[in-house]
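A.B. asks: One structure, pasted below without further comment.
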Amino acid sequence: MTPSPQSIAIIGAGVAGLVTAKTLVARGYDCTVFEAGTRVGGVWAAGYPGFGVQVQRELYEFPDWPLPADVPDFTPGELVQRHLEDYARHFAVWPRIVFATPVRELRADPAGGWLLTTEHDGERASRHFDFVVACTGLYSNRPHRPSFAGEAEFRGEILHLAELGDRERLRGRRVAIVGFGKSASDAALEAAAVARATTIVFRAPHWPVPARLLGILPFKWAMLNRLTSSLLPPHYRPSALERALHSIGKPLVWLWWRIVEGLLVAQFGLGSRDGTRPDLVPKQPIEREAFSEAVMLPRPAFYRALRSGLVEPLQTEIATLTPTGAVFANGATREFDTLLLATGWETDYGWIARDLRETLHFDDDGLYLYRQMLSPDVPGLAFVGYASTITSTLTYNLQARWLADLLDDRHRLPAAAAMREDVDAQRAWKRRTMPFSRGRAARLLLHMLHYHDSLLEDIGVTPLRKRGWYAPFKEVFAPYEPRDYREVAADRE
């Protein structure tokens, strides 16, 4: 680790990049933020029609920079992006951002540190930095576009959701949507509002997360507390409570998740009703699929649209496109004018020099790092934002604080061998308990409390954040939210 670097490059001006810059600038570091686009916000600056936050407003705000009081729950994307601009200006990050300047290459400088090659207005330039923080997130802005047999014969339009722009483009058309994640459910509702017919095509349904369980209990009370965290498949560094629950209490843990599944089937109407409608009950147990990329908190209208026939669910995949539609793997055929791909975005670390990528060791399921941030084999390079949690704004704040304390020598890393051992244990745990995905290495989701606790313990701050007379009760049953970490994010603890 480079002690007290004189110059730091931060790649990306999304949420992670802004938080990292704010934290390091406040500590007196000379930071330059390189942003490929012309606006701050990352994914929030390049959304799709109807996009927004999947969770209640209090779960997607900065611990020390709350959203304005009039911002609604499930905040629309454009309001989030505006809030990020205000954040960057308030914390003096804005002057540090170099816009429209993508990073083309990162490679080691033989003299020490890093050489960063950027491009602006067609001109390339290289600069030296002592330390680099990659804040490009889990995915790039490059859409994932699967190819299909028969594409050349299809006379309609094939669009990725990122290209849609406005739902008016779908007015009066017959639309087939590929995917079943949050973006696919949003796309289905957008299309159904104006299209002549809407079909959503998916390989398998996934467990939905309700905004309110049974329409009463906000999901954060059921999912974001220490009790639920202990009922999940055990963490690779389990607590004594987890070890007990998953040994002598294992039947009760199994029963708990079956009850949760039953409640979700009833609330969303997932069952087939004796074959009278498509079966939308997922096959994966919820405690495993809770770590899948497609688990979502859908808009309530989505499942109503599936059950009313406004959106036709078709569980299969495209075998071949025809001039006027498609033949599917299950033998069904449909005619449509627009094929809308809600198939996500690709991970792109092509800007990292080949030899450096080999040293970092990218696996098929992602990049495994110590504390989700550092490679034991590549000092001087950190990743902030490469962690998928329910409250990502909080996670990035805690990562940035941990990194700042490390650079200030307020805490120290273990030996490289111990870091590798921890990374190996993390990799084995995720592959044992989580479904495969290209980003599995970054997935924490409902295990985020374990991760947040480890970051705070490293920097010498108590992970027990609840206060007041009922703090012990709240530690077990109350949800953890960004506001619980306000003092940590503000660097006052």
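The values are calculated or read from the model by the stated rules, or taken from the named source; none is laboratory data. Remember, predicted model here, so these are calculated numbers, not experimental data. Note that we place each Cβ from the backbone using ideal geometry, even for glycine, and neighbour counts take in every protein chain shown. Ligands, DNA and RNA are stripped out before the accessible areas are found, and what is left, the full protein with its side chains, is counted by its heavy atoms. Shrake-Rupley method; radii C 1.70, N 1.55, O 1.52, S 1.80 Å.
A.B. asks: Got a sec? Which of 342, 326 is at pLDDT below 95, among the aliphatic types (A, V, I, L, M) and surrounded by 16 or more Cβ atoms within 10 Å (Cβ to Cβ)? If you could, list the steps in order and put the result at the bottom.
C.D. replies: Details: 326 fails: at pLDDT below 95.
One residue alone meets the criteria, 342.
A.B. asks: Please enumerate the residues belonging to the stretch 449-464 that are open to solvent by 10 Å² or more (accessible area, probe 1.4 Å) and without any contact (Cβ under 8 Å) to a residue 60 or more places away in the chain.
C.D. replies: 453, 457, 459, 460, 461, 462, 463, 464
A.B. asks: Name the single residue that is most open to solvent (accessible area, probe 1.4 Å) among those in the stretch 21-45 being more than 16 Å from residue 100 (Cβ to Cβ), at pLDDT 90 or above and not in a loop (DSSP other than H, G, I, E, B).
C.D. replies: Looking at residues that are more than 16 Å from residue 100 (Cβ to Cβ), at pLDDT 90 or above and not in a loop (DSSP other than H, G, I, E, B), I get 26.
To keep it simple, each residue is scored yes or no on (1) under 17 Å from the mean Cα position of the chain (by Cα); (2) more than 30 Å from residue 35 (Cβ to Cβ).
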site: 160; (1), (2): no, no
site: 175; (1), (2): no, yes
site: 191; (1), (2): no, yes
site: 194; (1), (2): no, yes
site: 199; (1), (2): no, yes
site: 208; (1), (2): yes, yes
site: 216; (1), (2): no, yes
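A.B. asks: If you don't mind, another one. Report yes if residue 71 is in contact with a Leu (Cβ under 8 Å, 6 or more places away or on another chain), under 30 Å from residue 354 (Cα atoms) and of a type in the set (Val, Ile, Thr), otherwise no.
C.D. replies: no
A.B. asks: I'm trying to understand the selection: among the residues of the stretch 46-68, which are assigned to a loop (DSSP other than H, G, I, E, B) and at pLDDT below 85?
C.D. replies: 46, 47, 48, 49, 50, 51, 53, 54, 55, 56
A.B. asks: Checking residue 104 against (1) touching a strand residue (DSSP E or B) at 6+ places or on another chain (Cβ under 6 Å); (2) buried (at least 19 other Cβ atoms within 10 Å of the Cβ), which single condition isn't satisfied?
C.D. replies: (2)
A.B. asks: Among the residues of the stretch 187-203, is there at least one that is in contact (Cβ under 8 Å) with a residue 60 or more places away in the chain, charged (D, E, K, R), surrounded by 21 or more Cβ atoms within 10 Å (Cβ to Cβ) and touching a Lys or Arg at 6+ places or on another chain (Cβ under 9 Å)?
C.D. replies: yes
A.B. asks: If you don't mind, another one. Which members of the stretch 219-261 meet the condition of being β-branched (Val, Ile, Thr) and either more than 28 Å from residue 424 (Cα to Cα) or open to solvent by less than 30 Å² (accessible area, probe 1.4 Å) (or both)? Talk me through it step by step, then tell me what you get.
C.D. replies: Start the filter on the stretch 219-261 by keeping residues that are β-branched (Val, Ile, Thr), which leaves 228, 248, 253, 259-260.
Within the stretch 219-261, 228, 253, 259, 260 meet the criteria.
A.B. asks: Anything in the stretch 1-20 that is assigned to a helix (DSSP H, G or I) and touching a Ser or Thr at 6+ places or on another chain (Cβ under 9 Å)? List them, or say none.
C.D. replies: Within the stretch 1-20, 15, 16, 17, 19 qualify.
A.B. asks: Kindly indicate which of 38, 32, 20 is touching a residue at least 24 places away in the same chain (Cβ under 8 Å) and touching a Cys at 6+ places or on another chain (Cβ under 9 Å).
C.D. replies: Within the list 38, 32, 20, the selection yields 20.
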